[in-house]
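FYI, it's all coordinate maths here, none of it is from the lab. In this text the structure is predicted, and so the values were computed from the model without any measurement. Reconstructed Cβ throughout: ideal geometry from the backbone, glycine too, with neighbour counts over all protein chains shown.
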Amino acid sequence: MSTPARTSTSTPTDNSLWIRRFQPRPDAGVRLVCLPHAGGSASFYLPLARNMPDFADVLCVQYPGRQDRRAEPLIDNVPELADRVFTALLPWADRPLAFFGHSMGASVAYEVASRFEREKGVVAAALFASGRRAPSALRHETVHLLDDRGLIDEVKILSGTDTQLLGDEEVLRMILPAIRADYRAAETYAPAPGEPLNCPLVAMIGSEDPKVTPAEAAAWAAHTEGPFTLRVFSRGHFYLVRDQAEVVRTMADHLRTSVTP
């Protein structure tokens, strides 16, 4: 593994616009960066942050246009999101970084890990790609072009957002633009040509997920020269909500090997 980059002498702060630490572990040996799904926010990963072992300091990314950042302009493409997250993480790269992204977040995580390798020579401790097909497994999807009713129905099918909130007109007005921008980012994403990663890569999916097949998840193997693992859980797209204990255990088992004794 490459030596972690010390790219900034500034001290990371918990009130960063992009980074949330719900369970700070400043002495942890590895930092796990969690990137949300389309329409998701950093708080989605609060239970995961609390349940990770002490050797992992969990950093949860907050995209613009939601919760405390809802007044900020939305970003509707993966490369720009990855650029901004990469920059925000530079002060935190004083120790190994691992990445966990769910759905759209997996694409962003892959691009951020690529930037660290390409621009800083830093290989991630691991990349966990959850609920997302490999960048090379393209699908033509146009959910982001649907009207509001169609977009709401799609989100309800995947059960990624509390359906009770979807019945609240005021809340809908706040979250629909962010959901639409995220879907546009996810559905228009195509990776730029480049070398595969060198880190361990673990693809994790639900067996009943309509958004990714086992074959599409297995295609992640072509995107790294490091070890590859495919883990199929039960349930659908948001399998990680009910199977969180097993998801945390899976990641912890992989990350233990990256922690310096």
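Adding -39500 (n - 2.57) for every DSSP H run of four residues or longer, then dividing by how many residues the chain holds, sets the calculated 222 nm ellipticity at -10500 deg cm²/dmol. The HN-Hα couplings worked out from phi for segment 39-44 by the Karplus form 6.51 cos²θ - 1.76 cosθ + 1.60 (θ = phi - 60°) are x, x, 9, 4, 5, 4 Hz, whole numbers, x standing for Gly and Pro. Extension gain, residue 171 to residue 139, is 8.5 nm, computed as 0.36 nm per intervening residue step minus the present C-alpha separation.
The long axis of helix 148-158 is offset from the longest Cα principal axis of the chain by roughly 50 degrees. The eigenvalues of the Cα gyration tensor, multiplied by 5 and square-rooted, give segment 98-141 an equivalent ellipsoid with semi-axes of 20, 12, 7 Å from largest to smallest.
With the convex hull drawn over the C-alpha atoms of segment 19-258, the volume per residue is 114 Å³. In segment 6-120, one over the average inverse separation of all distinct C-alpha pairs is 14.1 Å, which is the Kirkwood hydrodynamic radius. Of all DSSP beta bridges confined to the chain, the antiparallel ones make up roughly 5%.
In sequence order, segment 31-37 has phi-based couplings of 10, 9, 9, 10, 10, x, 6 Hz under the Karplus curve 6.51 cos²θ - 1.76 cosθ + 1.60, θ = phi - 60°, and Gly or Pro positions carry x. In µm²/s, what is D for segment 34-95 at 25 °C and 0.890 mPa s, where D = kT/(6 pi eta Rh) by Stokes-Einstein and Rh is the Kirkwood radius from Cα pairs? Diffusion coefficient, whole number: 191 µm²/s. Taking the C-alpha atoms only, the angle from helix 169-188 to the longest principal axis of the chain is near 60 degrees.
Note that segment 126-139 has calculated 3J(HN,Hα) couplings of 5, 10, 9, 9, 10, x, 8, 5, 5, x, 7, 9, 7, 10 Hz, one per residue in order, obtained from phi through the Karplus relation 6.51 cos²θ - 1.76 cosθ + 1.60 (θ = phi - 60°); glycine and proline are x.
The stretch between residue 119 and residue 246, if pulled fully straight at 0.36 nm per residue, gains 42.3 nm over its current Cα-Cα span. The magnitude of the dipole of segment 31-83, with charges of +1 and -1 set on the Cβ of Lys/Arg and Asp/Glu and taken from the Cα centre, is near 200 debye.
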